[in-house]
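First up is the structure itself, then whatever we jot down about it.
The values are calculated or read from the model by the stated rules, or taken from the named source; none is laboratory data. Predicted model, so just to flag it, every value in this text is computed and none were measured. Cβ placement follows ideal geometry from the backbone for every residue including glycine, while neighbour counts extend to all protein chains displayed. Accessible surface areas use protein heavy atoms only, side chains included; no ligands, DNA or RNA. Shrake-Rupley method; radii C 1.70, N 1.55, O 1.52, S 1.80 Å.
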Amino acid sequence: MKNKVSIIGAGMTGSTTAHWLAEREIADLVLVDVVEGMPQGKALDLQQALPVIGKDVTIVGTNDYEATAGSDVVVITAGLPRKPGMSRDDLLIANAAIVRKATEETIRRSPDAIYVVLTNPLDVMAYLTMKLSKLSPERVIGQAGILDSARMRAFVAMELGVSVENIQCYVLGGHGDEMVPLTRHSNVAGTPLREILSPERLEAIVNRTRKGGGEIISLLKTGSAYYAPAVAVTQMVDAILKDKHLIVPASAYMQGEYGLKDMYFGVPVQIGSKGIEKIIEYKLDAAEDAALRKSADAVWQTTEALLSLVNI
Ligand SMILES: NC(=O)c1ccc[n+]([C@@H]2O[C@H](COP(=O)([O-])OP(=O)(O)OC[C@H]3O[C@@H](n4cnc5c(N)ncnc54)[C@H](O)[C@@H]3O)[C@@H](O)[C@H]2O)c1
């Protein structure tokens, strides 16, 4: 029997996730959105692309959650981007309501699903999904770290003219400007980045990584990144469905790890068929630890804002 993945929100990231997933031929897909006709049209278009690439999966587009029943994985990408005049709390309230609806409608139809959350503010929306679904924390994972690390890997590859396959980078912390690129743990075919790049070049790459999402928003003007976020979600779904025990950075529920509690935060995790199998604790030096605490404070403030606005 084929696996089933439901993607809630068939906008740019949702439909691009469907595209990457269909190429891997690992699950039948359901795309749900509130806009009438749009998920149906995108699903049909994608379905018609599959004969060309020789992939046999079924893609359903719908405005009705009924089609999501029995999903193995639910991906939540539904949500509004920030518009001029909107405060962070406005976005928080709007997206919390959307994520609440998406979670409540899917969990009763797919009580055994693993959730991968993409909607921003990411760490807090993953927290909300976990609380509302009442799932155990390892079954709800937020996507941030694969994307942030991939951005850093791309910048290092561009700088050095080396294959991206040889570059490992690890970006931890909240999915925001305070994220923590761990240069000490990042390497090119085993050689630490710090031995290859000058402090100035490394600093420039770290800063560009931190602002990687904003750089794309300012170029696109009418939306945010979607290819890289969607392929990051795809890698997580792949790791779940294939029980890969894959170690990647992702947003996970903290229960004392890194000295943090009752919040979602970007840390290295091992992902398999049960969701997060393990949270890996790196030994951090004083500077890394201070940067992580600063990032955690920012996520904690947004989490507190959520708790003051939403009844969970
Ligand atoms: N965590 C990350 O790395 C990351 C990366 C990129 C984008 N994002 C976030 O993901 C979210 C989606 O981004 P996008 O670029 O796909 O935006 P988008 O506007 O292209 O798509 C969002 C979709 O959600 C739909 N939607 C709204 N309310 C809904 C509801 N109640 N039920 C179902 N669908 C609903 C909209 O109709 C729209 O099609 C945003 O919050 C964005 O900030 C996160």
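In table form, for the structure just shown:
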quantity	calculated
Hits among aspartates and glutamates - C-alpha to C-alpha of Lys274 under 18 Å, sequence gap 8 or more where chains match	Asp72, Asp112, Glu138, Asp238, Asp243
Area accessible to solvent at Lys55, 1.4 Å probe radius, in Å²	60
The chain: most fluctuating residue of Leu21, Leu220, Leu118 per GNM, C-alpha cutoff 10 Å	Leu220
Debye log10 I(q)/I(0) for segment 215-258, one point scatterer per Cα, at q = 0.15, 0.27, 0.34 Å⁻¹	-0.59, -0.95, -1.15
Bins of 10 Å, starting at 0 and running to the largest distance - Cα pair percent for segment 222-311	15, 37, 36, 12, 0
Whole-number D in µm²/s for segment 1-66 (Stokes-Einstein; Kirkwood sum over Cα pairs; 10 °C, 1.306 mPa s)	139
Heavy-atom accessible surface of the chain: percent carbon and sulfur, 1.4 Å	53
Calculated P(r) of segment 4-127 - Cα pairs past 17 Å, %	54
Candidate residues Ser71, Ser198: accessible-area rank, largest first, probe 1.4 Å	Ser198, Ser71
Translational diffusion coefficient (Stokes-Einstein; Kirkwood radius from C-alpha pairs) of segment 158-256 at 25 °C, 0.890 mPa s, in µm²/s	159
Across Lys261/Lys294; Lys42/Lys221; Lys221/Lys294; Lys2/Lys42, pairs whose alpha-carbon gap is larger than 18 Å	Lys42/Lys221; Lys221/Lys294; Lys2/Lys42
By accessible area with a 1.4 Å probe, ligands and nucleic acids excluded, highest first: order of Tyr65, Tyr170	Tyr170, Tyr65
Fraction of alpha-carbon pairs over 11 Å apart in segment 123-162 - percent	67
MRE, 222 nm, helices only [DSSP H, n ≥ 4, -39500 (n - 2.57), over the chain, to nearest 500]	-14500 deg cm²/dmol
Hull-based mean projected area of the chain, where the convex hull spans the alpha carbons, in square nanometres	16.0
Net charge of Cβ neighbours under 15 Å - reference Ile53; Lys, Arg +1; Asp, Glu -1	-2
